[in-house]
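The values are calculated or read from the model by the stated rules, or taken from the named source; none is laboratory data. Just so you know, these numbers come straight off a predicted model, no measurement behind them. Cβ coordinates were reconstructed from backbone atoms using ideal geometry, including for glycine residues, and neighbour counts include every protein chain displayed.
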Amino acid sequence: MTLLVARNMTGGYGEADILHGVDLTVAPGQVVVVIGPNGAGKSTAMKAVAGLVRLRAGSVTLEGADITNCAAEGMVARGLAYVPQERNVFPSLTVEENLLMGAYARPAAAREGIGRAFALFPDLVAKRRIAAGSLSGGQRQMVALARALMLTPRLLLLDEPTAGLSPKLCALIFDKVRAIAAAGIAVLMVEQNARPALAIADRGVVLTMGRNRAEDSGAALLANPEIGHLFLGGAAPDEADAA
């Protein structure tokens, strides 16, 4: 069964449509990466799935239940967790307090959730009493991911989780994403670091100008010379042939 099905998503901000019929699907335990140029509608599509952008047309279903334009605050109970690119931790709260906020809807699950979080992100154990705002960018991203996982969502939405991080930290975050998927949690991720993201993706979706441009396995998109030239910084097909 397909976990998430978003069809013909059309909408944006105010009267201006950013999305023009975008389709996205994610299966259980799958990593799906959305790539494309700046302004392609990647983050808007993610926010539309999360209930943060209202759709004028189209539909979004999660495990067969219609969640189109549902209030964002109700998504956690439906098994969906969203990690924004910015302002994704409570800076004045400690690491442990941030994690507890992730279990606010089900306090009885907090202890088990914290255990899982520290098992997945052992570097946070020594930081548990430290204010999240004093952590490095990579550590804050770990806290944001760990908090989103506190109630074991069925679908995790990540908006550019490696933005501003060093290549070493990017690789660490991508490793954690694969570990999350291996535990059975589906991941829909928007990324500008397209090459390494597609390398760990089961499927990739390319958006341009608020529309689907291409969709294939991560490996197939990496091997596609046209996709490489347009979106991954590779040589044009004819240049590659000449070389």
Quiz item: Of the numbered conditions (1) small (Gly, Ala, Ser); (2) over 22 Å from ASN193 (Cβ atoms); (3) under 18 Å from the mean Cα position of the chain (by Cα), ALA16 satisfies every one except a single condition; which is it?
Solution: (3)
Quiz prompt | From ALA220, ALA201, ALA243, residue being over 27 Å from GLY11 (Cβ atoms) and at pLDDT 95 or above | solution = ALA220
Quiz item: Among the residues of the stretch 149-163, is there at least one that is touching a strand residue (DSSP E or B) at 6+ places or on another chain (Cβ under 6 Å) and over 22 Å from ALA27 (Cβ atoms)?
Solution: yes
Practice problem: Scan the stretch 158-185 and report the pairs whose first residue is outside the structural domain of LEU124 (by TED's automatic domain parsing) and buried (at least 18 other Cβ atoms within 10 Å of the Cβ) and whose second residue is basic (Lys, Arg) and part of a loop (DSSP other than H, G, I, E, B), with Cβ atoms within less than 8 Å and a gap of 6+ or a chain change. | Solution: ILE185/ARG154
Practice problem: Kindly establish whether LEU230 is over 21 Å from MET75 (Cα atoms) and at pLDDT below 95. | Solution: yes
Practice problem: Please work out which residue is nearest to ALA182 (Cα to Cα), limiting yourself to the stretch 122-143 and to residues that are hydrophobic (A, V, I, L, M, F, W, C) and surrounded by 22 or more Cβ atoms within 10 Å (Cβ to Cβ). | Solution: MET142
Practice problem: Return the residue satisfying two criteria in turn: it lies in the stretch 186-199 and is of a type outside the set (Asp, Glu) and within 24 Å of LEU135 (Cβ to Cβ), and of such residues it is surrounded by the fewest Cβ atoms within 10 Å (Cβ to Cβ). | Solution: GLN192
Quiz item: Has the stretch 135-145 got any residue that is under 24 Å from ILE35 (Cα atoms) and among the charged types (D, E, K, R)?
Solution: yes
Quiz prompt | the stretch 74-132, subset of a type in the set (S, T, N, Q) and in a loop (DSSP other than H, G, I, E, B), residue modelled with the highest pLDDT | solution = SER92
Quiz item: So which residues in the stretch 64-73 are assigned to a loop (DSSP other than H, G, I, E, B) and closer than 15 Å to VAL5 by Cα?
Solution: GLY64, ILE67, THR68, ASN69, CYS70
Quiz item: Are any residues in the stretch 26-62 assigned to a strand (DSSP E or B) and more than 13 Å from the chain's Cα centre (by Cα), and if so, which ones?
Solution: LEU55, ARG56, ALA57, GLY58, SER59, VAL60, THR61, LEU62
